[in-house]
Amino acid sequence: MKTAVVTGGASGIGLGIAERLRADGLHVATLDLNPAADDDFAYRADVSDPDQITAALTDVREKLGPVTVLVNAAGVEKYRRFQNLSFEEWKQIIDVNLHGVFHTVQAVLPDMMSANWGRVVNISSSSTHSGQPFMSAYVAAKSGLNGLTKSLALELGPYGITVNAVPPGFIDTPMLRRSEEKRLLGGTIEEHIQRTPVRRVGKPADIAAACSFLISEDAGYITGQILGVNGGRNT
Ligand code: NAP
C-alpha cells in the first residue's frame, strides 16, 4: 500500500484530494495549519517551515512507511494593489505557495528515489494562464510552481518520478467563499457560473479526480504537464 502526503489537507481542495486518495486505497497523511483533531494522520505543520515538515514526515514514515506520493495543495492568496503590497507580504505569499513546495519535495525525495518510483502533483492556479490584477505575488508564486514542475519532471524522470501540476479554476472551497464575501471575485459565484462554459462551479472532487489519475500507474508516461481543471474558463 502506497503512502501519500497531502499538504493543505484539512480544507477545500486538499481535503477532497485526501478523501479521494484514501478511497483509492492509499495511506494518506495530511499536513496543515489546523489539522482535524479526530485524524491520527493529520499533522500540524506550516509548509514554509522545513523543520515542521521534517518532524511530521519522520512520524509519517514510522507509522505509514516511505512516502512516494506527494500532493502540494496548501496555499494562501493575497489581493492587494501592487503599489500597496509590502515586501513582507510578497515574501509571505512566495514562502507558502512556492518555498513550501521546495521544502516538501526535498523532504520526500529520498523515499521516492529509494523506491525508484514517485508521484508529485502541485496544485497551482488558473490565474497563471493569463495573470490576475491585484494578485501579483500569488500569480508569481503559482507561475513559479508551474515552472518548478516542468524542471523537476525533466530532472526526476530518470528515477521513475513524475511531476505534474493541476491549476484549478473557480472551485467551491472556503477560499473561494471568503473571496466572494469580501467581493473580490468581480461578481458573485452565481454570476461566474453563467460565464463558465460547463455552467457550474467546480468541486474539490473535480481536482481530486485529476490528481487520482496523475498518481495512477496509467499516468506513468505523463510528466511535466500542466493539466487545467477549470470548466473551460481557461483554454
Ligand atoms: P482552502 O480551503 O483555504 O485550503 C487551503 C488549506 O491550506 C487550508 O487548510 C489552509 O489552512 C492551508 N494552509 C495555508 N497556509 C498553510 C501553510 N503555511 N502550511 C500548511 N497549510 C497551509 O483553499 P482551497 O481553495 O482548497 O485551495 C487549495 C489550493 O488550490 C491552494 O493552493 C490554492 O491556491 C489553489 N487554488 C484554489 C482555487 C479555487 O478556486 N478554490 C483556484 C486556484 C488555485 P488554514 O485555512 O488554517 O489557513
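For this structure, a couple of remarks:
- Converting phi to 3J(HN,Hα) with the Karplus coefficients 6.51, -1.76 and 1.60 and the offset θ = phi - 60°, the range 47-64 yields 5, 7, 10, x, 5, 5, 5, 4, 4, 5, 5, 4, 5, 4, 4, 4, 8, 10 Hz in sequence order, with x at every glycine or proline.
- Principal axis extents of the C-alpha atoms in the chain (largest first, rounded to whole Å): 47, 38, 38.
- In plain terms, the chain from residue 106 to residue 159 could stretch by 17.6 nm, reckoned as 0.36 nm per residue minus the Cα-Cα distance.
- If you model the range 159-235 as an ellipsoid using its alpha carbon gyration tensor, with each semi-axis the square root of five times an eigenvalue, the axes come out at 29, 12, 10 Å, biggest first.
- Ellipticity estimate at 222 nm from DSSP helix runs (n ≥ 4, -39,500 (n - 2.57)) divided over the chain, nearest 500: -13500 deg cm²/dmol
- Rounded to the nearest 20, the Cβ-based charge dipole of the chain about its Cα centre (Lys and Arg +1, Asp and Glu -1) stands at 820 debye.
- Peptides ranked, highest mean first, by Cβ atoms within 10 Å: ranges 12-18, 197-203, 89-95: 12-18, 89-95, 197-203
- Relative to the longest principal axis of the Cα atoms of the chain, the long axis of helix 204-215 lies at roughly 40 degrees.
- Angstrom value of the Kirkwood radius, inverse mean 1/r, which spans all Cα pairs in the range 110-161: 12.3
- Label reach from residue 235 (point 7 Å along Cα→C-beta): in the range 162-185, amide nitrogens under 17 Å belong to 169.
- With R₀ fixed at 25 Å, the C-beta to C-beta distance from residue 213 to residue 181 puts the FRET efficiency at about 0.15.
- Taking 18 Å as the straight-line reach from the Cα of residue 182, the lysines in range (excluding those fewer than 8 positions away in the same chain) are 78.
- The aspartates and glutamates within cross-link reach of residue 203, meaning a Cα-to-Cα straight distance under 19 Å and a gap of 8 or more places when in the same chain, are 19, 24, 77, 172, 180, 181, 190, 191.
- Mean shadow area of the range 1-129 over all directions, Cα convex hull, nm²: 8.6
- Efficiency of FRET from Cβ geometry, residue 54 and residue 89, R₀ 35 Å, rounded to 0.05: 0.85
- The modelled label-to-label distance between residue 81 and residue 193, using points 7 Å beyond Cα along the C-beta direction, is 3.4 nm.
- Whole-angstrom gap from the range 1-17 to the range 185-235, using each part's C-alpha centre: 17
- All aspartates and glutamates inside 20 Å of residue 150 as judged from Cα atoms, apart from same-chain residues fewer than 8 positions distant: 95, 217, 218
- With the simple spin-label model, which puts each label point 7 Å out from Cα in the Cβ direction, the residue 130 to residue 62 separation comes to 5.0 nm.
- Derived scalar couplings ³J(HN,Hα) [the range 100-115; Karplus, 6.51 cos²θ - 1.76 cosθ + 1.60; whole Hz; x for Gly, Pro]: x, 6, 3, 5, 5, 5, 4, 5, 9, 3, x, 5, 5, 5, 4, 7
- Here the alpha carbons of the range 105-235 define both size measures, Rg and Dmax, at 16.1, 49 Å.
All of the numbers you see were taken from the coordinates with simple rules; none came from a lab. Source: prediction; values computed, not measured. Cβ sites come from the backbone with ideal geometry, for glycine too, and all protein chains shown count toward neighbours.
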